[in-house]
Every structure is written in structure tokens, then in C-alpha cells.
1. Considering only segment 100-121, I want to know if a residue exists there that is crowded, with 23+ Cβ neighbours inside 10 Å, in the same structural domain as residue 53 (by TED's automatic domain parsing) and farther than 20 Å from residue 255 by Cα.
2. I'd like to know if segment 177-185 contains one or more residues that are farther than 23 Å from residue 79 by Cα, modelled with pLDDT of 95 or more and assigned to a strand (DSSP E or B).
3. Just to be sure I understand, how many residues within segment 186-211 are at negative phi and within 16 Å of the chain's Cα centre (by Cα)?
4. Of (1) under 29 Å from residue 124 (Cβ atoms); (2) surrounded by 23 or more Cβ atoms within 10 Å (Cβ to Cβ), residue 194 satisfies all except one. Which?
5. Scan segment 176-207 for residues that are touching a strand residue (DSSP E or B) at 6+ places or on another chain (Cβ under 6 Å) and within 18 Å of residue 223 (Cα to Cα) and report the count.
6. Tell me which residues, restricted to segment 72-92, are in a loop (DSSP other than H, G, I, E, B) and within 18 Å of residue 50 (Cα to Cα).
7. Kindly list the number of the only condition in (1) buried (at least 22 other Cβ atoms within 10 Å of the Cβ); (2) on the phi > 0 side of the Ramachandran plot that fails for residue 96.
8. Just to be sure before I move on: is residue 158 over 13 Å from the mean Cα position of the chain (by Cα) and within 30 Å of residue 241 (Cα to Cα) in the structure I sent?
């Protein structure tokens, strides 16, 4: 059932042009710990494992929180935070990055899910000199993974209630463009086999999908599969947001795959949201 195609997903408004990092830089040591506490928007109490944003959701799904702390916020007047979690056997896990306005609840901005390794901690670094925060993830066992903002992820996207991961497999790179809240950027995929997979370790709360297509290459249909659920949805030829109610089976699907029927044209997707 179509809900609407003109309302912003989650009712969120993203401030453009605020991507540069704050002047008070936070560095990380070898364990991903802050060497200073001067982080933009840090106006409330200290964040730790005991009061981690979404900590109850994480532990309620059988994971354990191994690190929770403040992290640089890319937007002014916000406080950023990260929550690093592992499975009970420490073979997999993920990282949730949140932002919040003073006195307001934390909202998800980015979620990495790692299915074949477990993160121990994360540090904010400047890796490529572009003025945006990048990250280094310290994995269990000693491996490190470096990721660059605006190549692998984006910290300037909308603050949402959605907890599905945003770093899953896809048929083309630069998947972050579908989650950055900027309709001027778009994830583009070849006409054949255009797909995105999103890990869903915490389940969906509302069972809703929001899609915003870009350019003139707009597929007429998309198909979702996850667990035992499958659903096909017709898309309108518009650049406005389109929302759909998902079948109940998707709420607990561990992975949700979105495939686009492009009918010979490339797919250009400016925004995607699922919650």
C-alpha cells in the first residue's frame, strides 16, 4: 500500500552545506579512545557503555556493547556519538553513529554492519585532507579498517529512527549517496542487475520503505526480498519521495534486498530509507 510520495521520510530536514568538520578536532589513540573531549554539541553527560544510545535495542537483540562514546558531529549544534557492538561470540558486529540536538533523543545517521569480523573500537581521523572526518575501525584480532567519508560513508545525512545498515553489498559503488540526505547526489547502477542489500540485525520498527529517484532514468518497479518475505512495488515516474508499507515478514528479516527493474535504463537513486 502506498502511503505518500510528497512527505520527507521521518519528517527530517537536512541542513546542506554543513559538511566541514568542527575546529576542535578529536583524535584517536591505538584503541580508538578520545585524547580530548572537545566535540561539537557535547552539552550533556558523558556517553559510555552503560548509557549508550540505542543500547537497550542492541542488547535486546543478543549483542553486547563494547564501546560507546562521543564522536565528532558534522553538523553544528549537534552532539555525535558512536556505539560499537559485537555478537555474543565476538565473530561479527557493527557500529552505529548517532547525532542529537541538545536535550533531544539520539537519532541514527549511519550504521555499519560487519558479518565476518567484529569491531572493538573506532577512531575519528583525517585520512585524505578534504576537511571531512574519516574513520579507522579497530577489529578484534588486531586488523584495522580505514574508511573515507564521501567515498564509503556520510556523516551529514538525515537523523533517522531507522536502524538498518547502510554499508551492504550493491551493484555499484558509492552507496553512501543514497543515504546522505542530499537529493543532488545519487547512487547510480547499471541497468542490469541493479540491487542493494541492507542488513537488518535489529528489526524494523515501522515497516516502511521510502524511495526517491533521480534524473531521467527511473525504474518502474522494485522488488524486495528478505527471509521468507517477497514484495513487488510499482514506482511512479517522479523525483518526489515515494513511500510504501512493507509486508509484516520484512520486520524481522536479517537482510533485505532491493532490486530495481530498470527496463534497459540505468538506475539513479538519490535517497533510500527503510525503518
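The values are calculated or read from the model by the stated rules, or taken from the named source; none is laboratory data. Keep in mind that this is a model prediction, so the values were computed, not measured. FYI the Cβ positions are ideal-geometry reconstructions off the backbone, even for glycines, and counts take in every protein chain you see.
1. no
2. no
3. Residues of segment 186-211 that are at negative phi, as a first pass: 186-192, 194-202, 204-206, 208-211.
Subset that is within 16 Å of the chain's Cα centre (by Cα): 186-187, 196-202, 204-205, 208-211.
So the count comes out to 15.
4. Every listed condition holds for residue 194 apart from (1).
5. Just the residues of segment 176-207 that are touching a strand residue (DSSP E or B) at 6+ places or on another chain (Cβ under 6 Å), to begin with: 176-178, 183, 186-189, 194-200.
From what's left, within 18 Å of residue 223 (Cα to Cα): 178, 187-189, 194-200.
Residues in segment 176-207 being touching a strand residue (DSSP E or B) at 6+ places or on another chain (Cβ under 6 Å) and within 18 Å of residue 223 (Cα to Cα): 11 in total.
6. To start, the set of residues in segment 72-92 that are in a loop (DSSP other than H, G, I, E, B) comprises 72-78, 87-92.
Answer for segment 72-92, where residues must be in a loop (DSSP other than H, G, I, E, B) and within 18 Å of residue 50 (Cα to Cα): 87, 88.
7. Residue 96 satisfies every listed condition except (2).
8. Working: over 13 Å from the mean Cα position of the chain (by Cα): no; within 30 Å of residue 241 (Cα to Cα): yes.
In short, no.
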